[in-house]
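Here the structure comes first, spelled out in C-alpha cells, and everything after it is commentary.
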Ligand SMILES: Nc1nc2c(ncn2[C@@H]2O[C@H](COP(=O)(O)OP(=O)(O)OP(=O)(O)O)[C@@H](O)[C@H]2O)c(=O)[nH]1
Ligand SMILES: C=C(OP(=O)(O)O)C(=O)O
C-alpha cells in the first residue's frame, strides 16, 4: 500500500516553545524548520510513501519544504493542529479519494525511511492506527486507510485519546526514529543520539545540550 502523508507545521515564530531552555528566541525558528526539513526529506525517501502534503501557514517553511518536493496546503482553518490535519486530509482526497492517509508530526529529525516503511506497512492491517511517541503519552503518527476518516486527536494525552477513538495502537520494536519527537532539550539529546538529518545537525551544532559529548558537563 502507498500512503499520502500529511505533515502539520506551525508558524516557525511560534514553534517549539518547550525548547526555550535549550534554544533562545532567535534560534528556535531555524531549529523548527530544520526538524521539518529533515522529517520531510526522510518521508520522501520512504518506499511506502506516494506523496507528502505539508499543512502550514508559514510562508518561508512552505517555500523550503516545497523545494524538497512536498505539496503545500494552506492552513485555512487557522484553528489549531487537528483542524489543520482534517483540512489537509480532505484536500489530498479531493484529487485522490481512495488515498490511504497518514498524519505525521514535523518534529522527527532522526526519522529513518525504512523504519517509517515498517510502521506504515503494519498500519495497513487496520482501518485506523497510531504510533505512540517515545514518551508513550503522545502520538507521532495516525493513519486512515481508504474510506476511513482520519479523526485526529493530537495534543495532550493523544495516545489515550487515539486509543479511545478505536484506532489500533501499533506496538513495533526498533522504530525509535519514528517515535522520537523533539519537544524538550532532553528529547533533542535523545534524537541526536539516534542520529539526526543534516539540517538539524547543522542547526543544533552551536547549542549547549547537557549530556551531548563536548557539551558543558557532558562526557
Ligand atoms: N498547521 C498547523 N500545525 C500545527 C499547529 N499547531 C501545532 N502544529 C504542528 O503539530 C505538531 C505538534 O505540535 P505541538 O507540539 O503542539 O507544537 P510545537 O511547536 O511542536 O511545540 P510547543 O510550542 O513546545 O508546543 C508540530 O509538527 C507542529 O508544528 C497549527 O495550528 N497548525
Ligand atoms: C501534538 C502532539 O505532539 P507533541 O508531543 O509535540 O505535543 C501529540 O503527541 O499529540
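Any read-out appearing in this document is the output of simple, stated calculations on the displayed coordinates, not a laboratory observation. On a predicted model such as this, the values are computed, not experimentally measured, just so you know. Positions of Cβ are generated from backbone atoms using ideal geometry, with glycine treated the same way; all protein chains shown enter the neighbour counts.
For the condition more than 9 Å from ligand 1 (Cβ to nearest atom) and surrounded by fewer than 21 Cβ atoms within 10 Å (Cβ to Cβ), what is the one hit in 45, 34, 23? Please lay out each step first, then the result.
Values: 34 fails: surrounded by fewer than 21 Cβ atoms within 10 Å (Cβ to Cβ); 23 fails: surrounded by fewer than 21 Cβ atoms within 10 Å (Cβ to Cβ).
When all the criteria are applied, what remains is 45.
Test residue 22 against the criterion of being closer than 25 Å to residue 184 by Cα, assigned to a helix (DSSP H, G or I) and within 16 Å of ligand 2 (Cβ to nearest atom), and give yes or no.
In short, no.
Please state which of the following conditions residue 113 fails to meet, knowing it meets all the rest: (1) out of contact with any helix residue (DSSP H, G or I) (no Cβ under 6 Å at 6 or more places or on another chain); (2) surrounded by fewer than 19 Cβ atoms within 10 Å (Cβ to Cβ); (3) closer than 16 Å to residue 49 by Cα.
Every listed condition holds for residue 113 apart from (1).
Restrict the check to segment 209-219 and report whether at least one residue is surrounded by 13 or more Cβ atoms within 10 Å (Cβ to Cβ), at positive phi and part of a loop (DSSP other than H, G, I, E, B).
yes
Being closer than 15 Å to residue 141 by Cβ and either free of Cβ contacts under 8 Å to residues at least 24 places away in the same chain or within 12 Å of ligand 2 (Cβ to nearest atom) (or both) is the filter here; which residues of segment 164-175 pass it?
If the condition is that a residue be closer than 15 Å to residue 141 by Cβ and either free of Cβ contacts under 8 Å to residues at least 24 places away in the same chain or within 12 Å of ligand 2 (Cβ to nearest atom) (or both), then 171 is the only one that fits.
Looking at (1) within 19 Å of residue 3 (Cβ to Cβ); (2) more than 13 Å from ligand 2 (Cβ to nearest atom), which is the one condition that is false for residue 142?
Only one criterion is unmet by residue 142, namely (2).
Looking only at residues that are surrounded by 19 or more Cβ atoms within 10 Å (Cβ to Cβ) and outside any strand (DSSP E or B) in segment 135-158, which one is farthest from ligand 1 (Cβ to nearest atom)?
Taking segment 135-158 first, the residues surrounded by 19 or more Cβ atoms within 10 Å (Cβ to Cβ) are 138-145, 150, 152-154, 158.
With outside any strand (DSSP E or B) added as a condition, the list becomes 138, 145, 150, 152-154, 158.
Details: 138: 8, 145: 22, 150: 14, 152: 10, 153: 13, 154: 6, 158: 9 Å.
Only one residue fits best here, namely 145.
Looking at 53, 70, 84 in this structure, which one is within 14 Å of the chain's Cα centre (by Cα), surrounded by 19 or more Cβ atoms within 10 Å (Cβ to Cβ), within 21 Å of residue 159 (Cα to Cα) and touching a residue at least 24 places away in the same chain (Cβ under 8 Å)?
Working: 53 fails: within 21 Å of residue 159 (Cα to Cα); 70 fails: within 21 Å of residue 159 (Cα to Cα).
Only one candidate passes the filter, namely 84.
Against the definition (at negative phi and within 16 Å of ligand 1 (Cβ to nearest atom)), how does residue 113 come out, yes or no? Spell out how you get there, then give the answer.
Details: at negative phi: yes; within 16 Å of ligand 1 (Cβ to nearest atom): no.
Judged against the criteria, residue 113 is not a match.
Can we say residue 100 is under 15 Å from residue 6 (Cα atoms) and surrounded by 24 or more Cβ atoms within 10 Å (Cβ to Cβ)?
Spelling it out, it is not the case that residue 100 is under 15 Å from residue 6 (Cα atoms) and surrounded by 24 or more Cβ atoms within 10 Å (Cβ to Cβ).
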